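To start, the structure itself, in structure tokens.
Bear in mind these aren't lab numbers, they're just calculated from the coordinates by the rules spelled out. Just so we're clear, the structure is a prediction, and the values are computed from it rather than from any experiment. Using ideal geometry, Cβ is built from the backbone for each residue, glycine included, and neighbour counts are taken over all protein chains shown.
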Amino acid sequence: MATKLLTQQDYGRRIARAIALIAADPARNPGLEALAAAAAFSPYHFHRIYREITGETPADTLHRERLSHAAGLLVRGGQPVAAVARACGYGSAAAFTRAFRTAYGIPPAAYRDSGGIGLRLPIRPHEETTLFPIEIRQEAPLRLATLPHRGAYTAIGSTFDRLIAWAAARRLLGAQTRFIALYHDDPSSVAAKDLRSEAGLTVPEGVEGSEGVTIRDLPASRFAVLLFQGPYAELERAYTWLYRDWLPSSGEEPADEPVREEYLNDCRSLPPSEWLTAVMLPLRPRTAA
């Protein structure tokens, strides 16, 4: 039994290397030989092993990485569609448009021009103070397995893929697993390459970290929770409203903890317009009057 577990863990570690190769440059397709070599598996068996551990094919992973990167470029930079297509590895603007429309339900030019498909922000500060409903709630302590991510927050998906491969090899994934990211910096103040975050998932007692994964015990905390529906690339508009409009008028003080995001449904099986994210701003405890 111990030998079998060690073999599963070794497979997870090797598949994580292939995932990292895909994520290193979504514009490039590493190809079967390169991916299999990174994972030290025979090309004859690599695809089956990858699919069993990750739940998807390498092509699926590459497709998600490319479209996530493209959505970020479109919603933030306003670049021409052809330039985004080239930057994300598509052979033509037409091929990119077809892929993007299929996933996002809207052509990339329309997505760029409308600023995305999630909820709109008011044009002027304080124009609308109830744009997003806020729930103040107490969270119980959590034990997370976390993997550090350095760089653009929109690229943390590949770090989650590696963490999920690590957890799957240890049979730690189940219906009750929660997927939570911790964000340490303001992307408007810190260069993208220097942004610090952590991909995390809940684990039971007794699990030990390895291969760069750290076990973190998060204390019970009080949060302002904002539920956002839409692509992850558009989450910054929720943060803008939360910090610009809600927090100054709330009577609350932020606590000395990083912001959390909890991903509430499966981005692999649902269109981006249906992705649900809980943005969790830590608050100081209320003091008695």
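Structure above, values below:
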| item | result |
| --- | --- |
| Structure-based [θ]222 nm, the chain - -39500 (n - 2.57) summed over DSSP H runs of at least 4, per residue, nearest 500 | -12000 deg cm²/dmol |
| Order of CYS88, CYS267 under a 10 Å beta carbon neighbour criterion, fewest first | CYS267, CYS88 |
| Inter-label distance for GLU135 and ASP60, nm, one decimal - labels placed 7 Å from Cα along Cα-to-Cβ | 2.9 nm |
